[in-house]
Structures are given as C-alpha cells and as structure tokens.
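Notes follow the structure.
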Amino acid sequence: MKRFWPMFRKEFIQMRRDRLTLGIMIGIPVIQLLLFGFAIQTDVRHIPTVVLDESRTPASRDIIQAFANTGSFRIVDHVDDRRALDAAIARGDAQAGIVVPADYPRDLARGTTATVQVIVDASDPLSSTAALAAAAGVAQVRNLAILSAAGGRSQLPLEARVRPRYNPGLRSPNYIVPGLVGVILTITMVLVTAMAIVRERERGTLEQLIVTPITKTELMLGKIAPYVGVGMVQMTAVLALGRFVFDVPLTGNVLLLYGVALVFVIASLALGLFVSTLVRTQQQAMQASFFFVLPNILLSGFMFPRQAMPLVFQWLGALLPLTHFLKVLRGILLKGVGVPELWQEMLLLVAFAVGLIALAVRRFQKTLD
C-alpha cells in the first residue's frame with residue numbers, strides 16, 4: 001500500500017489536470033442517455049400508411065378506421081389505384097398500404113370470407129412485424145365479433161387476459177434505459193483505460209514508472225483506482241436521468257445495485273488496461289477498444305434478445321461482463337429481485353474483474369521493448 005498510494009495520487013492529479021477529458025467522461029454519458037433514450041424505441045407505432053378503398057362504403061370505411069384505431073397505422077393518404085399505392089411505398093412516403101376490394105361489403109353480407117389486403121414494406125423488419133401483428137389483431141377481433149353475432153351470443157365465447165409483469169405499459173424506456181447504463185459504462189471505462197499505458201509510453205513517462213520499485217500489480221491497480229469514482233458518478237447521473245426524465249422504476253435495493261456496479265466498473269477498467277497492454281499507440285488502443293466494445297453491444301442482449309441468437313453466439317455473449325450486468329440491472333430496477341436471484345451473475349462479475357486484472361498484470365512488462 002505504501003507504493004500503491006503514490007501511484008493512485010499521481011493518476012488522480014493527472015486526471016484532475018486533464019479537465020477536458022474528465023468533463024467529457026461525465027458529460028458524454030448524460031448526452032448519450034438523453035439521445036438514445038428518446039431515439040431507441042422497440043414498440044413501433046404510427047406507421048405511415050396509404051389506403052386504396054375500392055369499395056367506398058360504410059363497411060369499408062369502418063374497417064379502415066379499425067386499422068387506424070390500433071395506433072399502429074397512421075393514414076397519410078388515400079389513393080385511387082394500385083399504381084399510386086405501389087409508388088407511395090416505393091418512394092418511402094408510406095411503409096404500409098391497406099387495400100379494401102370493391103366486393104368487400106357484398107362478401108360480408110353473403111357470409112363468405114371477405115378479404116382486406118395489407119401491403120408492408122419489409123425492408124424494415126421491426127416496422128413490418130408490428131404492422132403484420134396489428135393487422136392480424138384487427139382481423140381476429142372482427143372475426144370474433146361476426147361469429148358471436150351469427151351465433152346469437154351477446155358475449156364472446158372466449159377471452160384471453162394477458163397480464164404483463166414488471167413493465168405493464170410495455171414502455172421501451174423501461175427496457176432500453178437500464179441497458180444504456182451498462183453500455184455507456186462499458187464504452188467510457190474501456191476507452192479511458194485502454195490508452196493508459198500507451199499514453200505513458202508516448203509521453204515518455206513510462207521510463208519513470210519502470211525504474212520505481214512499484215510492482216506491476218500496484219501499477220495496474222493505481223491506474224484504474226481514480227476512474228472507479230468517475231464510473232460511479234456516471235452511474236449516478238444516468239440512473240437519475242432514467243428515473244426523473246424517462247420515469248424508469250427503481251423497485252430494488254439501490255445499495256446492492258451500486259455494489260454490483262462497482263464490480264462491473266472495475267471489470268470494465270481492467271478490460272481497458274488489458275487492451276492497453278496489447279497495443280503500442282493510442283490510435284491502436286482506440287481501434288482495439290471498439291473491437292471489444294462492439295460485441296458487448298450486439299451479443300449482450302442490449303439490442304437483440306439472446307434467446308434468438310445461435311447457440312455459439314449465446315456462449316460468446318456469456319463471456320462478456322455486460323451480459324451479466326444487464327441481467328442484474330433489469331432485475332433490480334424493474335423486478336426488485338435481490339441476491340438470491342442474482343448471485344450467479346454477481347459471482348461471475350467478480351470473476352471477470354479478478355481475471356481481467358490478472359491478465360493485464362501478466363501481460364504488462366516493466367520494460368520499454
């Protein structure tokens with residue numbers, strides 16, 4: 001500890017002098033959370049839609065209004081023929097088209113199957129999936145109503161009641177914002193420490209550290225210690241924004257969340273130090289950091305559900321600290337669970353932190369070669 005504290009003090013002074021970097025580390029996460037929290041939405045609504053009503057009857061207008069009432073379709077135009085409908089979708093003026101044929105009310109009156117065509121621009125899979133689900137819902141509700149009326153029943157024969165837990169309003173921020181907490185911490189912590197060793201080498205101060213009696217372990221711990229506090233400040237800032245700007249619930253133990261976040265921050269800083277020992281210049285460190293950061297975003301479950309990934313990529317995702325931290329974040333913030341439910345993820349994060357520090361120490365050599 002006698003050799004560790006001077007190293008810690010030296011890094012803290014250096015960090016305090018570089019006020020621009022310190023300001024960026026705290027300011028950028030706030031900007032990123034506000035930007036991505038509002039921009040990223042998983043529930044697609046108000047899809048621009050054009051309508052071709054070849055029937056022009058009260059029945060056709062009623063079914064078109066039923067589509068609009070779902071909230072998934074936003075009627076932007078009525079066209080007169082198929083060519084105009086196809087052109088609107090091709091230009092990007094609309095992402096969906098509803099076609100009501102001329103014989104729609106006659107088929108309804110005869111008791112035969114009446115058809116309504118929904119054309120969807122599937123170049124955006126998320127929007128097209130939402131549109132298809134909404135269209136299927138409209139058809140199902142209409143079918144039940146018609147069958148119920150035909151059978152002389154005043155009530156529907158079956159009702160399925162769905163109770164979504166932990167996010168009953170199905171709000172995107174409740175899912176996205178906790179994920180952004182982990183992603184922002186990963187990006188900033190890995191990037192800042194990835195350049196720690198190479199910055200010393202480029203500035204010519206690494207020689208001074210080499211000739212000191214400080215050990216490799218003390219040097220590595222001294223490098224990351226000041227930034228642990230910065231990481232916790234980032235954590236506090238993004239959690240406060242998530243709670244008061246995006247109304248994300250905080251139902252679990254805050255102290256437990258901060259304890260796990262502390263371990264995750266150390267693991268991310270240690271990963272950055274390990275990257276720093278693999279490269280020679282700050283530019284290489286930046287490129288290598290993005291090589292490690294991108295899989296964290298794609299394979300951790302932040303953007304895409306891990307259950308839908310091939311098994312090999314699920315295993316790769318399990319090797320990332322962010323994967324387990326996201327489970328802890330969403331479990332504590334949204335579900336209010338604690339140690340009995342999350343102890344495995346907590347142990348894995350501790351193992352990641354210890355293992356990555358050991359790798360960085362083993363990789364670092366107190367030489368200039």
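The values are calculated or read from the model by the stated rules, or taken from the named source; none is laboratory data. Note that the structure is predicted; figures quoted are calculated from it, not measured. Quick reminder, even Gly has a Cβ in these numbers, built from the backbone with ideal geometry, and neighbours come from all protein chains shown. Note: accessible area is taken over every heavy atom of the protein model, side chains too, but ligands, DNA and RNA are not part of it. Shrake-Rupley method; radii C 1.70, N 1.55, O 1.52, S 1.80 Å.
Things to note:
- Scan of region 204-261 for residues that are open to solvent by 60 Å² or more (accessible area, probe 1.4 Å), modelled with pLDDT of 85 or more and assigned to a loop (DSSP other than H, G, I, E, B), ordered by number: V245, D247, L250, T251, N253
- Here I266 meets each of (1) open to solvent by less than 20 Å² (accessible area, probe 1.4 Å); (2) hydrophobic (A, V, I, L, M, F, W, C); (3) outside any loop (DSSP other than H, G, I, E, B) with one exception, condition (1).
- Test result for R74, outside any helix (DSSP H, G or I), touching a strand residue (DSSP E or B) at 6+ places or on another chain (Cβ under 8 Å) and open to solvent by 70 Å² or more (accessible area, probe 1.4 Å): yes
- Contact map, region 104-121: first residue open to solvent by 50 Å² or more (accessible area, probe 1.4 Å), second residue not acidic (D, E) and not in a helix (DSSP H, G or I), Cβ cut-off under 7 Å, separation 6 or more or different chains; pairs are L108/A114; T115/P101; Q117/V99.
- Pairs, first assigned to a loop (DSSP other than H, G, I, E, B) in region 328-342, second of a type outside the set (A, V, I, L, M) and crowded, with 16+ Cβ neighbours inside 10 Å, C-beta under 7 Å, six or more apart: G336/G252; V337/G252; V337/G331; G338/G252
- Residue within region 139-155 that is at pLDDT 80 or above, in a helix (DSSP H, G or I) and open to solvent by less than 90 Å² (accessible area, probe 1.4 Å) present: yes
- In region 281-289, the condition of being in contact with a Lys or Arg (Cβ under 9 Å, 6 or more places away or on another chain), at pLDDT below 85 and part of a helix (DSSP H, G or I) is met by at least one residue.
- Filtered residue count, region 290-302, keeping only those that are open to solvent by less than 80 Å² (accessible area, probe 1.4 Å) and either in a helix (DSSP H, G or I) or without any contact (Cβ under 8 Å) to a residue 24 or more places away in the chain (or both): 7
- Answer residue from region 317-337, given it is open to solvent by 10 Å² or more (accessible area, probe 1.4 Å) and touching a Phe, Trp or Tyr at 6+ places or on another chain (Cβ under 6 Å) and is modelled with the highest pLDDT among those: P321
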